[in-house]
Every structure is written in structure tokens, then in C-alpha cells.
Amino acid sequence: MEKNFNNLIYGRNPIREAILAKKVKKIYLSNSFSHAEILLLVEQSHAPIVKVSNADLDKMCNGVHQGIAAEIKDYEYYSFDSILQIAKKKEKPVIVLLDGINDTHNLGAILRCCDIFDVAGVVMGKHNQVPLNATVAKSSAGAINYVPVCLVNNLNQAITKLKEEGFWIVSTDGSGKTNYQDLEYDFKVGLVIGSEGQGVSPLVLKNSDFIVKIPQYGHVNSLNASVAAGILLAKIRQ
């Protein structure tokens with residue numbers, strides 16, 4: 001059995017969502033797998049099935065596989081205009097902009113937050129940014145199939161276009177003077193989440209309408225990017 005697999009996800013929930021989104025190319029099923037709901041979805045997917053042992057799955061996967069893994073198709077990106085069109089259909093549109101997220105697990109968790117809080121789409125730069133892949137899919141618990149993501153050459157140009165469409169840009173950064181709880185998010189929101197190490201880049205901060213901070217009371221001096229995204233999105237949706 002091969003040890004390296006590209007675009008491999010594993011676990012019941014991520015595979016359930018991938019099957020429903022028609023993203024599955026091949027399914028690896030443990031000889032002892034017996035989850036009735038997933039077996040029915042597997043059958044309905046018409047994807048090729050390879051029966052393997054749990055030991056083989058252990059070698060293929062870098063985590064808890066629950067007796068099932070799947071190779072998935074490459075994830076497709078939306079155009080920026082498509083995300084704008086999706087946003088126009090929402091009563092209170094929110095678009096999340098990611099400025100240099102380099103951790104696949106963080107990106108997956110951010111997509112999960114975006115799905116929970118009905119974000120119209122995610123915009124991220126083509127450079128210094130992790131791509132959509134199987135690890136992101138696993139971390140997102142399937143949200144990757146429901147949140148539109150687009151790549152842009154220049155994040156600041158995207159911000160300019162969003163402003164032209166009536167969005168106000170809110171960046172979260174430790175340099176902010178405004179507590180995130182004190183801002184009334186009664187407008188079209190473009191929420192900027194910065195990288196794990198560097199935060200939001202200076203030019204993006206300059207182009208932001210608001211810079212807010214999340215008060216911290218403990219000993220660690222920074223929040224995980226996905227945690228910050230969840231806190232801000234929960235406030236915006238109040």
C-alpha cells in the first residue's frame with residue numbers, strides 16, 4: 001500500500017460532505033466499516049471503492065480515519081465578481097478577506113466559521129497564502145464545499161472594489177484603538193483577518209475604514225487567526 005496520497009480526506013463527516021458536493025473520486029473503505037448512513041451515500045456516489053484494512057488506512061492517513069478515506073477532486077475557486085453577486089443577494093452581506101494565512105488548519109477553521117455565520121465569500125491573495133486542499137477540507141469539517149473562495153492578485157485592489165460596492169473594511173489588529181464590541185456593524189462588512197505571525201499588512205491597514213482589537217486578559221499575546229475570525233463574525237451577526 002502506498003504511503004503518500006494527494007487530495008486525501010478521511011473521517012465520516014468530511015467524506016459525507018464531499019460526497020454530497022460531488023467532490024469524491026475514489027473511496028477507501030475499511031473491511032470492518034459498518035456505518036449505515038455513510039455506506040448508503042458511498043453506494044449512491046458511484047465512486048470507485050477500494051476495500052482496505054485498518055492498518056492500511058493508518059498508513060494512508062495522518063489522523064483518525066474512522067475506517068474511511070477518499071481521494072477528492074481539486075477545489076475550484078470562484079471569481080471575485082461571482083462573490084459580489086452572491087453578496088448582493090444577502091440582506092446583511094459579509095465578505096472575509098484573508099491577508100497571508102499560511103496554516104492549512106487555520107484556513108479550514110476559518111472556512112468553518114464563515115459557513116456557520118453565513119459569509120458570502122472569502123477573498124485571499126494568490127501569494128503567501130495556503131491553497132484549498134485536502135488538509136483544509138478536513139479542518140473545515142466540510143465547510144469548504146459551501147463557502148465560495150476566490151483568489152486575487154492584489155488584496156488592496158479587491159478592497160477598493162469592495163468599497164465601490166458600498167462595503168466598509170474592518171481589520172482586526174493589535175494596533176487598533178477601537179474595541180471590536182464598540183463598533184456597530186450596521187453596514188456591508190469586509191472583514192480582514194491577518195496572518196498568524198505578521199498580522200494585517202500595513203497597506204491593508206491603511207486602506208481599512210476601521211481597525212478593531214479584541215481585548216486580551218491572559219498571558220498569551222495573540223489569538224489564533226481562526227479564533228479571531230469566529231469572535232468577530234459572531235459579533236457582526238448579533
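Excluding same-chain residues fewer than 8 positions from Lys51, which lysines have a Cα within less than 28 Å of its Cα? Filter leaves Lys3, Lys22, Lys23, Lys25, Lys26, Lys59, Lys73, Lys138. Select from segment 55-107 those GluC sites (Glu not before Pro) which occupy a DSSP coil region and have at most 12 other Cβ atoms within 10 Å, ordered by residue number. Those that pass, being in a loop and sparsely packed, are Glu76, Glu91.
Each label point was placed 7 Å from the Cα along the Cα-to-Cβ direction; for Lys22 and Lys161 their separation is 2.6 nm. The trypsin sites (Lys or Arg not before Pro) found in segment 98-206 that occupy coil by DSSP, while having at most 10 further C-beta atoms within 10 Å, are Lys177.
Here the label points at Ser175 and Ser53, each 7 Å from Cα along the C-beta direction, are separated by 5.8 nm in the simple model. Of the listed pairs Lys126/Lys188; Lys90/Lys161; Lys88/Lys206; Lys88/Lys177, which have alpha-carbon separations greater than 20 Å here? Result: Lys126/Lys188; Lys88/Lys206; Lys88/Lys177 exceed 20 Å. Between Asn62 and Leu39, what is the FRET efficiency for a Förster distance of 22 Å, r being their Cβ-Cβ separation, to the nearest 0.05? In this case the efficiency is close to 0.35. Between the Cα long axis of helix 104-116 and the first principal axis of the chain there is an angle of about 80°, rounded to the nearest 10.
Remark: the chain carries a charge dipole of roughly 200 debye about the Cα centre, counting +1 on each Lys and Arg Cβ and -1 on each Asp and Glu Cβ. Surface composition of the chain: carbon and sulfur atoms hold 46% of the protein heavy-atom accessible area at a 1.4 Å probe. Cβ-Cβ distance of Ser222 and His46, R₀ of 35 Å, FRET efficiency by 1/(1 + (r/R0)^6): the value works out to about 0.15.
Counting only protein heavy atoms and a 1.4 Å probe, the chain has 52 square angstrom of accessible area per residue.
The values are calculated or read from the model by the stated rules, or taken from the named source; none is laboratory data. Remember, predicted model here, so these are calculated numbers, not experimental data. Quick reminder, even Gly has a Cβ in these numbers, built from the backbone with ideal geometry, and neighbours come from all protein chains shown. Side chains are part of the model used for accessible areas, which takes the heavy atoms of the whole protein and leaves out ligands, DNA and RNA. Shrake-Rupley method; radii C 1.70, N 1.55, O 1.52, S 1.80 Å.
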